[in-house]
1. May I ask you to list the residues in region 89-148 that are surrounded by fewer than 16 Cβ atoms within 10 Å (Cβ to Cβ) and of a type in the set (Ser, Thr, Tyr)?
2. Residue check: is ASP136 modelled with pLDDT of 75 or more, under 30 Å from THR85 (Cβ atoms) and among the acidic types (Asp, Glu)?
3. For region 86-167, which helices (runs of 4 or more DSSP H) that fit wholly inside it have 1 or more residues that are under 27 Å from ILE38 (Cα atoms) and among the charged types (D, E, K, R)?
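The values are calculated or read from the model by the stated rules, or taken from the named source; none is laboratory data. Here the structure is a predicted model, which means the values were calculated and not measured. Cβ placement follows ideal geometry from the backbone for every residue including glycine, while neighbour counts extend to all protein chains displayed.
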Amino acid sequence: MICCIYNYDLIIGNKKINFFYLNIFVYFNVLTAVNIEILKGIHPGILLERELMQRKIPKGKFALSINEYPQTINAIIKGKRSMNTPLAIRIEDALGLQEGFFMTLQIYYDIEQIKKQKSLNVHPDKLKFRPALFWDTKLGAIDWNRQRRPVIQRVFERGNYTEKRDN
């Protein structure tokens, strides 16, 4: 495969690609084919925002160009809304990206969120702790998800062998 740059055009084989889109083309195709592991768990809105910034395309104008409300694109970019399949296809077509890229990211992001929710529901059995271990607070008032590290630290600093082993 021979590559050369001629008047801001890149020629690969018999295909001519505008050089302005080269960085994006290589960036997305390399990451989707080889290193999708790097992007797992990242909301597709983050990459969409980066893509629009690199191309210096205003979000509102881009949204209108693909027949979508600007509020929808902004909500996706901020991570407040998931990307649906028809919208992902329109975005990928408009930006010249590999088909299915954003939906793959969305699915991995959703999987990551489900894993986080599952891990939030796992907490130690309160009955295994001596009340003296948490003398300065009520055991029922401890938010296990937000205060996980301090609880673990206290158990390992002041807990007995059974508390350390079981939790």
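1. SER119, THR137
2. No, not satisfied.
3. 101-120, 148-158
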